[in-house]
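Below: the structure, in structure tokens.
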Amino acid sequence: MALREYKTLGMSSDWIEVTLVLKRRTMFYILNNILPVVFLSFLNTFAFLLPEESGEKMSLCVSILLSYAMFLTLINSYLPANSDHLCFFSVYVTLLVLISTLTCLVTIFMFVLHTRLQRGKVCPRWLPIAWGSDSKVGTTEPRVEIEDVAPNQSDVKEKANKTTDMKDLIMTRCNKAAFGTFFTLTILINLIYFISVSL
């Protein structure tokens, strides 16, 4: 603050000059908004690494989707009601909500496929072809050990073990493909967001 004297039209008057320095609290927004959303985006993709038998796969996907909805509500409370420009962070979280919704849908598909294979139904025709396998997955039979089978029943054991191995292989490949796809999408969206904000 400084006291100065100004002369205009032959009259002198005293003025007080005040300088305000405004600074954004960037660390507050980074720690409370941006970092949790980034961590959630990567946690969302790791749901595909959980086994179907655990029963936690779908609940994790839905919990993350609800977390995004909460963050979207929080962001909209910060923004003015009538905004001429679109907030990049709001678009970013909306894209992550879309990915989380797709993750939930793919997880539901995985559960349907897993249940279908466990009940002994034939998997969709396109699935073994997509993974480069010509064998069809048929009925589910328990895994049979060599000690449990008489010598003349070894063909039954081999067929049951091959069928079970094929089902496990199909589910593993589906989960790995979904994980790779969604992990790549998440990295791309994060990179696009941070590059566009830094420009």
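Checking residue 57 against (1) touching a strand residue (DSSP E or B) at 6+ places or on another chain (Cβ under 9 Å); (2) at pLDDT 85 or above: exactly one of these is not met. Which one?
Condition (1) is where residue 57 drops out.
In the range 168-184, which residues are touching a residue at least 40 places away in the same chain (Cβ under 8 Å) and of a type in the set (Asp, Glu)?
Once the filter is applied, which keeps residues that are touching a residue at least 40 places away in the same chain (Cβ under 8 Å) and of a type in the set (Asp, Glu), the range 168-184 yields nothing.
Does the range 86-111 hold any residues that are open to solvent by 20 Å² or more (accessible area, probe 1.4 Å), under 27 Å from residue 29 (Cα atoms) and either assigned to a helix (DSSP H, G or I) or β-branched (Val, Ile, Thr) (or both), and which are they?
The answer is 88, 89, 90, 91, 94, 95, 97, 98, 101.
If you scan the range 12-30, which residues turn out to be polar (S, T, N, Q) and at pLDDT below 80?
12, 13, 26
With the requirement that a residue be open to solvent by 60 Å² or more (accessible area, probe 1.4 Å) and part of a loop (DSSP other than H, G, I, E, B), what does the range 35-85 give you?
51, 56, 79, 80, 81, 82, 83, 84, 85
Residues of the range 152-192 being buried (at least 17 other Cβ atoms within 10 Å of the Cβ) and modelled with pLDDT under 65, which ones?
Those that are buried (at least 17 other Cβ atoms within 10 Å of the Cβ) and modelled with pLDDT under 65: 157, 160, 163.
The values are calculated or read from the model by the stated rules, or taken from the named source; none is laboratory data. This structure is a prediction, so every number in the text was calculated from the model and none was measured. Neighbour counts run over all protein chains shown; Cβ positions are idealised from the backbone, glycine included. In case anyone asks, the SASA skips ligands and DNA or RNA and just uses the protein heavy atoms, side chains included. Shrake-Rupley method; radii C 1.70, N 1.55, O 1.52, S 1.80 Å.
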